[in-house]
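Have a look at the structure below before the remarks.
The values are calculated or read from the model by the stated rules, or taken from the named source; none is laboratory data. Just so you know, these numbers come straight off a predicted model, no measurement behind them. Note: areas computed on protein heavy atoms with side chains; ligands, DNA, RNA excluded. Shrake-Rupley method; radii C 1.70, N 1.55, O 1.52, S 1.80 Å.
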Amino acid sequence: MPWFWSIDSLLRGLFFWMWRALILIFVGILLILGVIGSIIPILPGPTLSYIALLIHHFFINKIDIYSLIWIAIATIFISI
């Protein structure tokens with residue numbers, strides 16, 4: 001094996017970062033819609049923000065499960 005990376009490993013790394021960037025863009029869009037939904041009553045603002053948080057948790061970075069539960073309770077309480 002040569003000292004430099006192979007093309008295959010470079011493409012796998014690029015594919016990984018491309019998907020990660022797409023997921024982060026999607027999370028950002030959901031968060032922006034969540035903020036807009038806090039002002040416009042047609043959009044469920046807290047629910048969209050919580051869905052963005054869950055997507056970030058499962059695909060990008062793990063968040064403490066107790067924090068997710070407390071934020072879910074707060075989201076339900078605010079949405080009702």
Q. Using Cα atoms only, what is the angle between the long axis of helix 7-39 and the major principal axis of the chain, expressed in degrees (0 to 90) to the nearest 10?
A. 10 degrees
Q: Calculate, for the chain, the solvent-accessible area per residue in square angstrom, rolling a 1.4 angstrom probe over the heavy atoms of the protein chains.
A: 81 Å²
Q. Say we join alpha carbon atoms closer than 10 Å with springs in a Gaussian network model of the chain; which of Phe16, Phe26, Phe59 then has the biggest fluctuation?
A. Phe16
Q: Any chance you could give the angle, 0 to 90 degrees and rounded to 10, that helix 45-59 forms with the longest Cα principal axis of the chain?
A: 30 degrees
